[in-house]
Amino acid sequence: MPPLEGFSGCSSQILGLPAQVHTRAKSPANLFAAATTHGIRGKMSAVSATASTPTQAASRPSTLKIGQGMANTKGSAGLAQILVRVLLYALPAVLFLRKFGIFDHDIWWHLATGRWILQNHGLPHTDPFSVYGMDKPWFVYSWIFDLVTEGLYLKFGFVGIIFFEIAARVAIMVALFRLIQFLETRFWIAVALAALGFYAMSVVLAPRPAILTILFSILELHLLLAAQRSGQTKKLWLLPPMLLLWANWHIQFVYGLLILGVFALDSAGQSVWPLELGSKNLGFRKLCAIFFASLLATLVNPYGLKIYETVYQYMHQPKVFSLVIELRAMDFRQAPHFVALFLMLAAAMAVGWRRQRRLLWPALLFLAALLAFRSVKEIWFLSVVSTCALSDGWMEGLAWEPSRLAVRERLLLAIAVVALIATAYRRYDVSNDWVDIQVSGKFPEAAVRYIEKNHLTGPIYNDFNDGGFVIWRLPWLRVAMDGRTNVHGDERVGHSADVWSGNPIWQNDPELLHANVVLAPRSAALTSLLRLDPRFRVVFQDTQAVVFQPR
């Protein structure tokens, strides 16, 4: 049975180390903490040398400025780090532009949905695109994404989708690096972890609403971890409005609730076990209040509580998970799969080595591994959690301050990143014409053009992969199948896959026998069988697809 393609110069100061605090940084067994540069150790040695008596120790301030050994000096070191940031931020976009194109099958029905909303000035209540979904309720849970992508397409053409993916990739890399550097102030280690984490998740990045789920999850983790370090929780009230937008952008807004729930449980655990040094208890009640406010915010959507019916439906589709490539488990035929596994194992070892009495990272790692090893689509979550778990907690007892660039350095960094991406854009000759050629080679454009030119009427019989493209290109024809598994359901998707794989049930399939047009992938088993069937004749074929009509 063929697989289905689916959804495809910075200076920091760290304040506050009590002189009498026992820290793991002094233990040679702790490899990460022991490598925190001679600046920290030198100051710690100086403190112990000067505090020879209790009186002297008492007269000394209880906190100590450290981190100057890690701070960048002006000149070549600062410039080197800015250049590395430029490469780190721009490289995801440059590598994408090197092989630019639109390869995702689901982007087409998202564009068609955005077009329908603009034309009808409202959201559809029933499915307007498929024969099966006619008069059946359909929840357009990603309607904001659909409008955004359709607006970009109307303004810029295909390159508008390219712009969207470039911006999303850069934003994710910037957010991931800033989060990791907040936890791990050693610049080069933070760069390495951010690069590995992004590379591991790169296999699932596509112009889809899920790309904002990745970005919002990183931002949420940053807000929560920063609040734990500082003890200031005012910014956490940004989470309810974030969840409101998230719930109208993508169905995986439940990840935001999941992350917040784990932090609340961790806070409850900290009230039982002693707190980790450098970490403050955010308060179980306060986090519960923010959680329930966020939960209520997710209900501010066109479908209210019914949006959770779609969440439940997606969680219980075993056939879909076995057929759609991106929903299958990792097969370790790609390098990013091994990188994700390495990060997870390293994070688990780091959490165990630190022996912290807290629930946060073990719980998040367990959940991330459970989700990612069930479906490769969630590899991004495992990558983000693993890199954060690797970065956090090595230098307990330090009051951290986020590393910040000066305003002039930020401006220089932004200009350099944009310039590098613009140079790559011109170098690889990105244009609507080239994307159009790529789309014609990837999707059945010529076959669809034949149907359009000859005014062939439905019903049309098509496979799972091409349904979204047909919805977008031939809006007057209702498709037989497409990638919206919440519309077609688990059993129906499985049945369609059996028919296209040549299962004997195809001979009596009512949808196939009543179709006026069959749009078949050239390589499908059913295509070869239909060529031999006297009930059908070939009216068009090319390297991508074959069009059949009944005799």
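Any read-out appearing in this document is the output of simple, stated calculations on the displayed coordinates, not a laboratory observation. Quick caveat: nothing in here was measured; it's all calculated off a predicted structure. Virtual Cβ from ideal backbone geometry, glycine too; neighbours counted across all protein chains shown.
Structure above, values below:
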read-out	value
Cut-off under 5 Å, modelled amide H: who pairs with Val546 long-range	Ala520, Arg522
Those chymotrypsin sites (Phe, Trp or Tyr not before Pro) in region 463-551 that DSSP places in a loop and that have at most 12 other beta carbons within 10 Å	Trp476
Built amide H within the under 5 Å cut-off of Phe536, gap 5+	Arg551
Within-15-Å neighbourhood charge of Trp249 [Cβ basis; K, R +1; D, E -1]	-3
Phi to ³J(HN,Hα) by Karplus 6.51 cos²θ - 1.76 cosθ + 1.60 over region 217-234, Hz, x for Gly, Pro	5, 5, 4, 5, 4, 5, 4, 5, 5, 5, 5, 5, 6, 8, x, 9, 10, 4
Karplus-derived HN-Hα couplings along region 314-319 (A = 6.51, B = -1.76, C = 1.60, θ = phi - 60°), whole Hz, x at Gly and Pro	5, 6, 10, 10, x, 5
Binned Cα-Cα distance frequencies in region 240-369 - 5 Å width, integer %	2, 9, 14, 14, 16, 16, 14, 10, 4, 0
Whole-angstrom Cα spans of region 309-464 along principal axes, big to small	74, 49, 33
Antiparallel content of DSSP bridges confined to region 443-550, in %, to 5	80 percent
Amide proton proximity set for Val479, modelled H, under 5 Å, gap of 5+	Ser130, Val131
Theoretical gain in end-to-end length, Gln438 to Ser230 [0.36 nm per residue, Cα-Cα removed]	69.9 nm
Cβ-based net charge around Leu371, under 15 Å, with every Lys or Arg adding one and every Asp or Glu removing one	+1
Theoretical gain in end-to-end length, Leu411 to Leu529 [0.36 nm per residue, Cα-Cα removed]	36.3 nm
Nearest-0.05 FRET efficiency for Ser322 and Phe366, computed from C-beta distance (R0 25 Å)	0.60
Extension gain from Lys306 to Asn508, taking 0.36 nm per residue of separation minus the Cα-Cα distance	69.1 nm
Tensor-based shape of region 492-551 (alpha-carbon gyration tensor, a/c under 1.5 rounded, otherwise prolate or oblate)	oblate
Per-residue ³J(HN,Hα) for region 411-421, Karplus 6.51 cos²θ - 1.76 cosθ + 1.60, θ = phi - 60°, Hz, x for Gly and Pro	5, 4, 4, 4, 4, 5, 5, 4, 5, 5, 5
Estimated inter-spin distance, Phe103 and Trp353, nm [label 7 Å along Cα→Cβ]	3.5 nm
Ranked list, fewest to most other Cβ atoms within 10 Å of each Cβ, for Arg355, Arg208	Arg355, Arg208
Approximate shape of region 443-550 as ellipsoid semi-axes (Cα gyration tensor, √5λ), whole Å, largest first	19, 17, 12
Cα-derived Rg over Rh, computed across region 278-335 with Rh taken as Kirkwood radius	1.20
Distance histogram in 5 Å bins (all Cα pairs of region 372-496, percent per bin)	2, 7, 9, 10, 9, 12, 12, 10, 9, 8, 6, 4, 2, 1, 0
Zone residues, region 440-464, relative to Arg537, backbone N less than 17 Å from point 7 Å out along Cα-to-Cβ	451, 454-457
Summed residue charge, Cβ within 13 Å of Tyr425's Cβ, Lys/Arg positive, Asp/Glu negative	+1
